[in-house]
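The values are calculated or read from the model by the stated rules, or taken from the named source; none is laboratory data. Fair warning: this is a prediction, and the values are worked out from it, not measured in the lab. Cβ placement follows ideal geometry from the backbone for every residue including glycine, while neighbour counts extend to all protein chains displayed.
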Amino acid sequence: MENQKQKQKKYKNSLPKRLSNIFFVLFLCIFSAFTLIAYSSTNYFLLKKEKQSVFQAVNIVRVRLSEVDSNFTLENLAEVLYKNDKTHLRIDDRKGSRVIRSERDITNTLDANQDIYVYNIDKQMIFTTDNEESSPGLHGPIGRVYHDHIEDQYRGFSMTQKVYSNRTGKFVGYVQVFHDLGNYYVIRARLLFWLLVVELFGTSLAYLIILITTRRFLKPLHNLHEVIRNIS
């Protein structure tokens, strides 16, 4: 009798557990693949949306600036960008260059995490909505969205486009939009965290269900096997 109990105990700790472990590994692989696919696809579409936002913002401002007929100056930019209200404009003469610094009147059509930079044909900045910008020169590629960052400060996308006058077709300057990706990084981190939580919870729950189900399913077979052994 004691020997039979030991066999039953050994059975409970062996076959059902081994099967449960096999299914656990299988479900873990499935959940991991799902997590990887979900994270990668969501990250791809988030970045695609951010890039589209930059592209649209640049085109909106470029169309507005194309009303200028000659090289960008403080005067003609003020006339085009602020036809109805110039009270929020101020001229910044620091570092030997004159730059229009503006509040967010012109950026009503833009996202809150975007800033505009306008440069003349000599690539000198003469307008911006960024009060912290200290580099008046134009840098980076033209005509495509690219990663732009200042170490320990900003991380985002930038895009620069040439601006041509609608009336004369003459090249009049450049417009650049910087799109801060701070919100994107927060969303990405939260997404990864919750996907990992779901994966761990799902695999643990699956393991418990499989272990209990396996034991209940194999118990009649084990009993039948014992009966046959006793008869024989």
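Of the residues making up segment 147-170, those that are at pLDDT below 90 and of a type in the set (Phe, Trp, Tyr) number 1. As a summary of the residue check, GLY96 satisfies the conditions (1) modelled with pLDDT of 55 or more; (2) at positive phi except for the one numbered (1).
From the list ILE91, ILE106, pick out the single residue that is under 15 Å from THR129 (Cα atoms), at pLDDT below 90 and touching a helix residue (DSSP H, G or I) at 6+ places or on another chain (Cβ under 6 Å). Reasoning before the result, please.
Numbers: ILE91 fails: touching a helix residue (DSSP H, G or I) at 6+ places or on another chain (Cβ under 6 Å).
So the residue among ILE91, ILE106 that is under 15 Å from THR129 (Cα atoms), at pLDDT below 90 and touching a helix residue (DSSP H, G or I) at 6+ places or on another chain (Cβ under 6 Å) is ILE106.
Hey, does segment 182-193 have a residue that's surrounded by 13 or more Cβ atoms within 10 Å (Cβ to Cβ), aliphatic (A, V, I, L, M), within 21 Å of LEU110 (Cβ to Cβ) and in contact (Cβ under 8 Å) with a residue 60 or more places away in the chain? The answer is yes, given that some residue of segment 182-193 is surrounded by 13 or more Cβ atoms within 10 Å (Cβ to Cβ), aliphatic (A, V, I, L, M), within 21 Å of LEU110 (Cβ to Cβ) and in contact (Cβ under 8 Å) with a residue 60 or more places away in the chain. The set of residues from segment 167-188 being within 16 Å of ILE126 (Cβ to Cβ), in contact with a Lys or Arg (Cβ under 8 Å, 6 or more places away or on another chain) and hydrophobic (A, V, I, L, M, F, W, C) comprises PHE171, VAL175.
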